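What follows is a set of notes on a single structure, which appears directly below.
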Amino acid sequence: MSKDSSRAPGRPRRLRAALALTAAGLMAAAGAVVLPGNASAAETTLGAAAAQSGRYFGTAVAVNRLNDSAYTNILNREFNQVTAENEMKIDALQPQQGQFNWGNGDRLVQHARSRNMQVRGHTLAWHSQQPDWMRNMSGQQLRNAMLNHVTQVATHYRGQIAWWDVVNEAFEDGSSGARRNSNLERTGSDWIEAAFRAARTADPNAQLCYNDYNIDNWNDAKTQAVYRMVRDFKQRGVPIDCVGLQSHFTGGSNYPSNYRTTLSSFAALGVDVHITELDIRNAPSDAYRNTVNDCLAVPRCKGITVWGIRDSDSWRSNESPLLFDGGGNKKAAYNAVLNALNSAAPGGGDPTTPPPGTTPPPGTTPPPTNPGGCTATISPGQVWGDRYNTSVNVSGANTWSVVVNITPPQRISATWSGNPTWDGSGNVMTMRSNGSGNTFGFTTMMNGNSGARPQIVSCTAG
Ligand code: G3I
């Protein structure tokens with residue numbers, strides 16, 4: 001699906017940004033110094049500032065707090081995206097089997113849509129917050145109940161939800177890289193893709209995301225395991241559009257310095273990335289600023305959601321992890337976030353990142369493993385309107401075969417410096433060394449999909 005449903009509600013921000021850029025250009029021509037961070041009009045709210053680069057800035061909302069005017073004033077002023085903190089979870093929506101309770105979820109959707117806020121649905125399938133009747137199920141009965149829940153809920157909200165967290169938190173923490181042992185997992189490990197297929201059928205226009213925590217550090221086994229699942233889904237055509245990184249930097253988990261690599265690596269698989277539940281212990285300005293700048297540097301990072309408005313609203317209120325204090329006052333981190341958003345270039349990467357196509361973006365390297373005895377690294381090449389070049393450098397061996405996956409309807413139309421063979425689908429190319437060196441290249445026709453990029457599946461020496 002290529003529909004860009006994440007564009008923030010239309011207001012004349014582009015014009016203002018363009019005028020600001022024009023002014024900056026005139027100043028530069030006159031010899032004035034244009035400071036970084038002044039590239040676009042300075043917006044005064046988080047949502048408007050994020051919208052300048054086509055992103056959203058949202059928050060989790062507890063529906064019972066909508067009666068608190070201090071809370072609702074900040075919500076309506078600052079944010080252009082919302083996620084129900086609890087009201088669209090399985091136990092909230094289907095407390096008794098077959099009896100759906102739409103009241104609170106509908107109230108949030110209505111509040112949001114009447115104010116041009118986009119809605120993230122959270123969450124269709126999860127091992128946690130299951131109602132008792134579901135928790136006590138197993139096997140085919142549970143599989144059917146889970147799929148029915150996905151179908152009923154996605155159908156009820158069809159056309160009103162920009163992104164669904166279809167599956168939440170299905171992987172173990174720690175070094176195992178394993179899937180979480182849950183009642184859903186015990187119905188068969190294909191339960192995740194079954195949930196995605198059911199969601200796609202029920203609401204074909206919603207963007208479908210996998211959402212998890214502790215997948216922020218690129219070197220973590222859990223991050224790598226989710227990466228492999230998403231890569232596998234893209235290769236096999238399982239309908240996944242996005243990955244949500246919850247990014248709870250609370251409870252002992254910290255902002256990792258390789259966060260941008262994680263975002264861009266997922267994006268290089270051909271999915272959007274979203275920061276879905278951000279909060280940071282004691283709200284340090286630096287970590288908030290870095291998180292925002294990392295998202296701004298990755299064109300497929302579509303937006304940021306903080307997990308609550310005021311510290312007193314937080315699930316971890318004792319860590320004061322949010323952007324507003326209990327009195328609703330803006331904290332230092334708020335200003336850091338707002339300034340970072342205002343510094344973004346319209347439409348894409350941040351001012352410190354060259355435009356796509358001029359330099360290999362970070363994160364186009366494969367995971368840090370070398371099981372086949374060599375490593376293949378992608379460098380993006382020239383991009384035209386209908387096609388683009390890619391070169392691949394192989395290290396660790398002089399004779400090799402590299403398997404490259406292309407996302408259909410894209411198709412490779414030309415190759416050089418290697419001997420290619422193809423699988424039956426035409427989507428998987430195996431390139432073997434032909435003695436001409438350790439770099440080969442190819443041209444890919446976009447065929448209407450300008451976003452996807454090739455992925456290295458394996459590199460095998462010999
Ligand atoms: O509403 C009831 C109240 O009537 C009852 O008296 C009280 C005592 O048990 O519980 C209240 O419900 C609680 C609910 O939050 C609303 O406050 C639940 O017990 C409690 O389990 C629930 O916690 C939520 C948690 O998910 C579990 O679903 C948190 O608010 C919510 O912030 C948190 O959000 C999760 C994301 O969904 C997934 N990622 C992690 C994130 C943080 O844990």
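Of the solvent-accessible surface of the chain, computed with a 1.4 Å probe over protein heavy atoms with every protein chain present, carbon and sulfur atoms account for 48 percent.
Database remark: amide H of residue 272 closer than 5 angstrom to the amide H of 242, 243 (H placed geometrically; neighbours at sequence offset of 5 or more, or on other chains; Pro and chain starts carry no H).
Placing unit charges on the Cβ atoms only, positive for Lys and Arg and negative for Asp and Glu, gives the chain a dipole magnitude near 960 debye about its Cα centre. For the stretch 71-109, the residues whose backbone nitrogen is under 18 Å from a point 7 Å from the Cα of residue 132, taken along Cα to Cβ, are 90-101. Among the aspartates and glutamates, which fall within straight-line cross-link reach of residue 234, defined as a Cα-Cα distance under 15 Å, with same-chain neighbours fewer than 8 residues apart omitted? Within the straight-line limit of under 15 Å, residue 234 reaches these aspartates and glutamates: 190, 193, 272.
The distance linking the stretch 122-193 with the stretch 398-432 is 35 Å (Cα centroid to Cα centroid, whole angstrom). Taking label positions 7 Å along the Cα-Cβ direction at both residue 100 and residue 450, the computed distance is 3.7 nm, reported to one decimal.
When every Cα-Cα distance of the stretch 219-287 is counted in 5 angstrom steps from zero, the calculated P(r) takes the values 4, 15, 25, 25, 15, 10, 5, 2, 0 percent.
Would you please report the Å³ per residue occupied by the convex hull of the alpha carbon atoms in the chain? Write down the numbers at each step before the final one.
On the way: hull volume 70.7 nm³, N = 462.
So the per-residue hull volume is 153 Å³.
With all protein chains kept in place, the per residue accessible area of the chain amounts to 39 square angstrom at a probe of 1.4 angstrom. Which of the residue pairs 222/330; 89/222; 222/331; 89/331 have a Cα-Cα distance greater than 26 Å in the structure shown? 222/330; 222/331; 89/331, as the Cα separations exceed 26 Å there. Entry note, the chain: the mean residue ellipticity at 222 nm calculated from DSSP H runs of n ≥ 4, each adding -39500 (n - 2.57), is -8500 deg cm²/dmol after division by the residues and rounding to the nearest 500. Not counting ligands, DNA or RNA, and with a 1.4 Å probe, what is residue 114's accessible surface area in Å² rounded to the nearest 10? Taking all protein chains as shown, residue 114 has close to 70 Å².
The values are calculated or read from the model by the stated rules, or taken from the named source; none is laboratory data. Quantities reported herein were computed from a predicted structural model and do not represent experimental measurements. With ideal geometry, Cβ positions are generated from the backbone for all residues, glycine too; neighbour counts draw on all protein chains shown. The protein model used for the area step is the full one, side chains on, heavy atoms only, and it has no ligands, DNA or RNA in it. Shrake-Rupley method; radii C 1.70, N 1.55, O 1.52, S 1.80 Å.
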